[in-house]
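Okay, structure first, notes after.
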Amino acid sequence: MAFGGMAAETGTFQDPWADRRGEARLADLVDTALLHFRGKPYRVPGLNISSRGAMIECPLDTRLGEPVLVEFDQCSRMHAFVRWSREGRIGLNFGHELVLGS
């Protein structure tokens with residue numbers, strides 16, 4: 001399958017931002033996050049969050065699997081790692097599953 005283009009198997013367009021997991025993402029639960037990356041803090045927009053990860057807007061040059069600390073308002077810092085990075089957005093996987101409330 002080609003990323004962000006035609007899938008060879010089906011000849012259909014594949015949206016590069018499509019949700020490929022069954023878990024619900026909550027876009028209105030977080031506005032910003034404090035990302036601790038390579039020893040420096042960065043205040044970044046939080047685009048969505050789930051119990052296992054988050055998508056943030058951040059133009060930093062990250063590597064897949066790179067560890068970070070992330071802190072959302074009214075939450076403790078938590079360990080995460082970079083799952084993907086493209087077009088100014090970063091997908092994070094948390095070190096443990098969160099219980100989300102609305």
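Filtering segment 1-37 to residues that are at pLDDT 65 or above and open to solvent by 90 Å² or more (accessible area, probe 1.4 Å) leaves D28, D31.
If you check V68, V30, V44 for being touching a Lys or Arg at 6+ places or on another chain (Cβ under 9 Å) and either over 17 Å from V99 (Cβ atoms) or not in a strand (DSSP E or B) (or both), only one passes: V68.
Working only within segment 38-60, note down all residues that are open to solvent by 50 Å² or more (accessible area, probe 1.4 Å) and either touching a residue at least 12 places away in the same chain (Cβ under 8 Å) or of a type in the set (G, A, S) (or both).
If the condition is that a residue be open to solvent by 50 Å² or more (accessible area, probe 1.4 Å) and either touching a residue at least 12 places away in the same chain (Cβ under 8 Å) or of a type in the set (G, A, S) (or both), then G39, Y42, P45, R52, E57, P59 are the ones that fit.
For H79, the test of being in a strand (DSSP E or B) and open to solvent by 60 Å² or more (accessible area, probe 1.4 Å) is passed.
The values are calculated or read from the model by the stated rules, or taken from the named source; none is laboratory data. Just so you know, these numbers come straight off a predicted model, no measurement behind them. Note that we place each Cβ from the backbone using ideal geometry, even for glycine, and neighbour counts take in every protein chain shown. Keep in mind that these areas ignore ligands, DNA and RNA; they rest on the heavy atoms of the full protein, side chains included. Shrake-Rupley method; radii C 1.70, N 1.55, O 1.52, S 1.80 Å.
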